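Asker: This is the structure, below, for whatever I ask next.
The values are calculated or read from the model by the stated rules, or taken from the named source; none is laboratory data. Not measured: the values here are computed from a predicted model. Heads up, the Cβs are rebuilt from the backbone with ideal geometry, glycines too, and the neighbour counts pull from every protein chain shown. Surface accessibility is based on the protein's heavy atoms, side chains included, excluding ligands, DNA and RNA. Shrake-Rupley method; radii C 1.70, N 1.55, O 1.52, S 1.80 Å.
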Amino acid sequence: MSQLIDGKKIAAQIKDEVKCDVEKLRGQGIRICLAVIQVGKDPASTVYVRNKKRACEYVGIESLSYELDETVAEEELLALIEELNRNSKVTGILVQLPLPGHIDEKKVIRTISPDKDVDGFHPESTGKLCIGEKGLLPCTPAGIIELLKRSGIQVGGKECVVVGRSNIVGKPAALLLLRENATVTVAHSRTKDLKEITRRADILVAAVGKPLFITADYVKEGAVVIDVGIHRDEENHLCGDVDFENVKGKTSAITPVPGGVGPMTIAMLMRNCVAASQK
Ligand code: NAP
C-alpha cells in the first residue's frame, strides 16, 4: 500500500520546533523580525502573505507589513528594500512574487541583502547552494527534502527525476537532491521521451505547473512521487501536477495536493527566519 506523505503534519512539527528555537533566542536577547512586502492586491498573493504572517504569529516572530500600490515605481520599491536592509531590527525580508510587469523581479531579488534573504532566491544564496556551502535555502525545495527525510525515505543513491527547471523550484530541488547523493535528471519542456525518463525515477518530483500532467504511465511501479504543483480544477478544487487518484496505486509513497508540499513552504520559511537572525 502506498504511504501518504503528510505535509500538514510534518509542517506542524517543524513550526513547533521553530517556536521553541524562537523562544530560546528571545531568552538570549535575540528578536526575529520579518518584513513582508506585497505589491498590488492579487488575491492569491494576499492569501499567501496572510498565511505567512499567521505562521510568524504562531512561532513568535514579529512581522512588519508593507502594502504597496500596484503602480508603485520600481525605484520606490528598491529604496524600501534598501532601508529595510539597513534596519538592524529587521532580520528577514520577503517580497511576495509575482510582481507587476513594470518591475524587474531579478533586480528586486538582488537588492535584498543576502543575509536577510529568507526566500533563498538571491544569487549569493543560489551560488552557495550550487557549491555546497551553508546558506539560506529556497523554501519549497528545502521542504521537499525535509518531507522525504521525515517520511523515512532514503535519497542517497536513488535515481531522481525532477520535471521542471525553474529557478525557484526545479533547479534548486535538483541541486538539493544531488547534495543528498541522489543521481539526478532534470527534465523540461524540450526534453524528448519524457515518459521514458520519468519511468526510471525511484523518486519523481513534479514541478511542471500543469494540472494532472503526470499520469500513471509516467511513473515506475513502487516510485516515490512528490507533487509540487498547485492548481484549481473546473470545480474550484485544489489539484497538483500529478493525477493523484490514478497514480497513487503505483507508488510506494506520494504527496497529496493539498496537504503535501504546500504547507512545507511556509514551515521552511519560518526556519529560514531563525537562520537569518543568526547571521
Ligand atoms: P514554472 O516556472 O512555470 O516552471 C515550469 C517548468 O516545467 C519549466 O521548467 C518548464 O520547462 C517545465 N515544463 C512545462 N511544460 C512541460 C512539459 N510539457 N514537459 C516537461 N516539462 C515541462 O513553474 P514553477 O514556479 O517551477 O512551479 C511549478 C508548479 O509548482 C506550479 O504549479 C506552481 O504553482 C507550484 N508551486 C508550488 C509551491 C508550493 O509551495 N507548493 C511553490 C512554488 C510553486 P521550460 O523551462 O522548458 O519552460
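Asker: When region 174-190 is examined, which residues are found to be crowded, with 16+ Cβ neighbours inside 10 Å and in a loop (DSSP other than H, G, I, E, B)?
Answerer: Correct list: GLU180, ALA182.
Asker: Can you tell me which of ILE226, ILE197, ILE145 is under 21 Å from ILE10 (Cα atoms), within 16 Å of the ligand (Cβ to nearest atom) and assigned to a helix (DSSP H, G or I)?
Answerer: Matching residue, one of ILE226, ILE197, ILE145: ILE145.
Asker: In region 148-173, which residues are away from the ligand (no atom under 11 Å from the Cβ) and assigned to a helix (DSSP H, G or I)?
Answerer: Hits for region 148-173 are LEU148, LYS149, ARG150.
Asker: Which of (1) in contact with a Cys (Cβ under 7 Å, 6 or more places away or on another chain); (2) buried (at least 18 other Cβ atoms within 10 Å of the Cβ) is the odd one out, the single condition ALA35 does not satisfy?
Answerer: The one condition ALA35 does not meet is (1).
Asker: Out of the residues in region 248-259 that are within 16 Å of the ligand (Cβ to nearest atom) and either open to solvent by less than 10 Å² (accessible area, probe 1.4 Å) or of a type outside the set (A, V, I, L, M) (or both), state the one that is farthest from ILE5 (Cα to Cα).
Answerer: PRO258
Asker: Hey, among the residues in region 191-219 that are hydroxyl-bearing (Ser, Thr, Tyr) and buried (at least 20 other Cβ atoms within 10 Å of the Cβ), which one's farthest from GLU235 (Cα to Cα)?
Answerer: Within region 191-219, the match that is farthest from GLU235 (Cα to Cα) is THR198.
Asker: If you don't mind, another one. List the helices (runs of 4 or more DSSP H) that sit entirely inside region 1-87 and contain at least 2 residues that are within 22 Å of the chain's Cα centre (by Cα).
Answerer: 7-27, 43-59
Asker: Just give me the residues in region 1-31 being open to solvent by less than 10 Å² (accessible area, probe 1.4 Å) and over 30 Å from GLY249 (Cα atoms), in sequence order.
Answerer: Selection gives VAL18, VAL22.
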